[in-house]
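What follows is one structure encoded as structure tokens, with my remarks underneath.
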Amino acid sequence: MNDKPMNSPYSRRQLLGGGVKLAGLAFAASVLSPKMLSKAYANETLTVLISQPQVGAAELMAKAFKEATGVNLQIVPVPLDQVQQQLTLDKQSGAHRFDAFDFWYISKGALVEDKILMDLTDHIARDQKVIQPDDFIPAIYDPYSLYNGRRYSLPFDGDTHALFYNTEILERNGVKPPTTWDEVVQAAIKITEAENSKGIYGIALMGVRVPLMNISVFANRLANYGGEFLDKDGKPALNSEAAIAAAKNLVATIPGAVPTPVETGFEEALTAFVGGRAAMTEGWIDLGVYAEDKSKSRIAGKWDVVPLPVGGGVTKSRAPLNAGWALGVADYSTKKELAWELIKFGSTAQMGEKYITTTGTGVDPFRISNMNSENYKSFNPKAQRAAASSLNGAVAWPTVPQTPRLLEALSDQLAAMMAGNKSPADAMEQAQRAWTRLLR
């Protein structure tokens, strides 16, 4: 995943290229309806709202879909935090501009309740031989698509984190790749104390007050201390022992971090890591592509990656679903069947493999076959190993209609905690109270 400003020095448009060919799109015959393949809709245009981080993948999808069907896609990119807002405005204004869109899966409940996201349950059942739902990574498929027993979307980007590290910095400081969060703290502080005079720190930690950033690093610890955002009854679990332990570890990591975590977002963490100024960082799987880009990275060939560490009594790494994108059809579109053909096509294993083996798309695996494909293993072998070993019992973020407000409340408390204005226990208790109030 590549959730960063489009003017980043690591812009997708600068990096997009490479990847596997689609063998003349021979697979399209097994995916699309006969009418689509006959190019009966060759003069049609679908307008598709796409979050900026997925524009590269959407361009690949548009090119392949047009080649197979003759249908044009008008891609409308928007900042990742404006997708829901733009869709709501499109419906309420009566403009009804968009036919299909991608969205951060946490918005699912709100988009369904606002009658923006079309119910695809019957379509998926009808075309299941083509869609192959059993091939979607189980830990991703339900959180991305299922709401109140019905399915509304198909996975498009399976975003999870792993722990990346600089092999040279760890080796010269006598540090082994951490397997527990306590070891992360110890390693980060040891390296910072030894090398901060040279501008080198133990870890780049995304603590900026943006839900996708500071909640992600909290979620990495929450999941691997055995916690969840909500309990089995759907009630907040932010004041659990696991949540408080995760918060304490996050605060304990700060003295070993690149100054200053509360001002560090994705771009700052990435720049510090590939610039050789941070020994470790937690990031999305495709971060390895940037680390190995010799034109911009100082650490090509000098990095590696492991699954997220564990804590407490947990022994097996779990990857929280930090971000993650799905494709949906606008319930108000006049071209629903055509839009369905598009998202069915765009979420295939063949397109998925194209996305994850093309530099700069920012897409991580969302299908089992893609995760285990030889092409992906060759393209990003280190990240493939880390991702494949940690997607067991992955922890999803909430997807209820109140989710945006829940995440803002938690992000605020984490920011105050990481700034030193609240203790971990107080921050978690305040977040618990806010979530309890919002979920009444």
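The values are calculated or read from the model by the stated rules, or taken from the named source; none is laboratory data. No experiment lies behind these values; they were computed from the predicted model shown. Every residue, glycine as well, gets a Cβ built from its backbone with ideal geometry; the counts of neighbours run over all protein chains shown. When the accessible area is computed, the model is the full protein with side chains, heavy atoms only, and any ligands, DNA or RNA have been set aside. Shrake-Rupley method; radii C 1.70, N 1.55, O 1.52, S 1.80 Å.
Per-residue answers, yes or no, for (1) surrounded by fewer than 21 Cβ atoms within 10 Å (Cβ to Cβ); (2) of a type in the set (F, W, Y); (3) farther than 21 Å from Q430 by Cβ; (4) without any contact (Cβ under 8 Å) to a residue 12 or more places away in the chain:
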position	(1), (2), (3), (4)
A194	yes, no, yes, no
G199	yes, no, yes, no
V210	yes, no, no, no
F218	no, yes, no, no
K235	yes, no, no, no
A242	no, no, no, no
L250	no, no, no, no
I254	no, no, no, no
Problem - Total residues in segment 405-419, condition in contact (Cβ under 8 Å) with a residue 40 or more places away in the chain and open to solvent by 50 Å² or more (accessible area, probe 1.4 Å) - result: 3
Completion exercise
Looking across segment 375-389 at residues that are in contact with a strand residue (DSSP E or B) (Cβ under 7 Å, 6 or more places away or on another chain) and open to solvent by less than 30 Å² (accessible area, probe 1.4 Å), the single one that is farthest from P320 (Cα to Cα) is A383
Exercise for the section: Kindly provide the set of residues from segment 134-164 that are of a type in the set (D, E), within 14 Å of the chain's Cα centre (by Cα) and open to solvent by 10 Å² or more (accessible area, probe 1.4 Å), ordered by number. Expected result: none
Exercise for the section: Tell me which of these N372 doesn't satisfy, since it passes every other one: (1) at pLDDT below 95; (2) open to solvent by 10 Å² or more (accessible area, probe 1.4 Å); (3) within 30 Å of R97 (Cβ to Cβ). Expected result: (3)
Fill in the blank from the handout: Note on segment 170-205: residues aliphatic (A, V, I, L, M), farther than 14 Å from T281 by Cα and assigned to a helix (DSSP H, G or I) are A194
Exercise for the section: Only residues that are more than 21 Å from Q84 (Cβ to Cβ), open to solvent by 10 Å² or more (accessible area, probe 1.4 Å) and part of a loop (DSSP other than H, G, I, E, B): list them for segment 324-351, please. Expected result: T334, K335
Completion exercise
(1) under 19 Å from R318 (Cβ atoms); (2) assigned to a helix (DSSP H, G or I) all hold for P155 apart from (2)
Handout entry: Filtered residues of segment 48-81 (kept if within 24 Å of T403 (Cβ to Cβ) and among the charged types (D, E, K, R))
Key = D81
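Evaluate the following for V262: is it more than 25 Å from D142 (Cα to Cα), touching a residue at least 40 places away in the same chain (Cβ under 8 Å) and buried (at least 24 other Cβ atoms within 10 Å of the Cβ)?
In short, no.
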